[in-house]
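Worksheet for the structure shown next.
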Amino acid sequence: MSDTDITIHQAYLPHDDHEASLAFYRDTLGFEVRNDVEYQGMHWLTVGPVDQPGTSIVLHPPFADPGITEEERRTIAEMMAKGTYAGINLATTSLDRTFERLQAGDAEVVQEPTQQPWGIRDCALRDPAGNMIRIFEVR
């Protein structure tokens, strides 16, 4: 038993199209927008589930760090285009209902709901920046 009070507050995912990311996370996933910041032509979006105000996803410009080299920028852009740069796992109590809503929202489906050999049932999709989003069914 631990007396540590640590929770997940924010996770970071890169994005390269403010409007597409806003529409996907707000309209397709149904997350609320908690912050929308523009600075020097770049946008940071903070979104999260309405009923979980303490947990957020920060969508950030992948090249905002001035220490990133041109070669690293190219590598990041290539990996984002392939969908291999970043991802996040989400959970729902009704995978089929969630998947139907995502399909109606024109999400890029990578995997339909599937029973995995390790015991979890999940689906996978990509956000507009190519980030892999897996949604697990939890009971």
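Quick one: with all protein chains in place, what share of the accessible area of the chain is carbon or sulfur, to the nearest percent (1.4 Å probe)?
50
Return the single residue from GLN115, GLN40, GLN52 with maximal mean-square fluctuation; model: Gaussian network over the chain, springs between Cα atoms under 10 Å.
So, out of GLN115, GLN40, GLN52, the one fluctuating most is GLN40.
Using a 1.4 angstrom probe, figure out how much accessible area the chain has per residue, in square angstrom, rounded to the nearest whole.
61
May I have the extent of the alpha carbons of the stretch 1-82 along their three principal axes, as whole Å values ordered from largest to smallest?
45, 34, 27
Quick query: amide H of LEU59 versus all other amide H atoms, modeled in the peptide plane; which residues come in under 5 Å with a sequence gap of 5 or more or a different chain?
LEU13, LEU45, THR46, VAL47
Binned at 10 Å from 0, what are the whole-percent values of the Cα-Cα distance distribution for the stretch 76-139, short to long?
Result returned by the calculation: 22, 51, 24, 3.
Could you work out the Rg to Rh ratio of the chain, with Rh taken as the Kirkwood radius (inverse of the mean 1/r over all Cα pairs)?
0.99
Can you give the angle from 0 to 90° between the axis of helix 70-82 and the longest principal axis of the chain, with both taken from C-alpha atoms, to the nearest 10?
Result, in degrees: 30.
Nearest 10 degrees is fine. How inclined is helix 95-104 to the longest principal axis of the chain, computing both from alpha carbons?
Once rounded, one gets 50 degrees.
The values are calculated or read from the model by the stated rules, or taken from the named source; none is laboratory data. Bear in mind the structure is a predicted one, so any value in this text is a computation, not a measurement. Areas reflect the complete protein model, heavy atoms only, side chains present, ligands, DNA and RNA absent. Shrake-Rupley method; radii C 1.70, N 1.55, O 1.52, S 1.80 Å.
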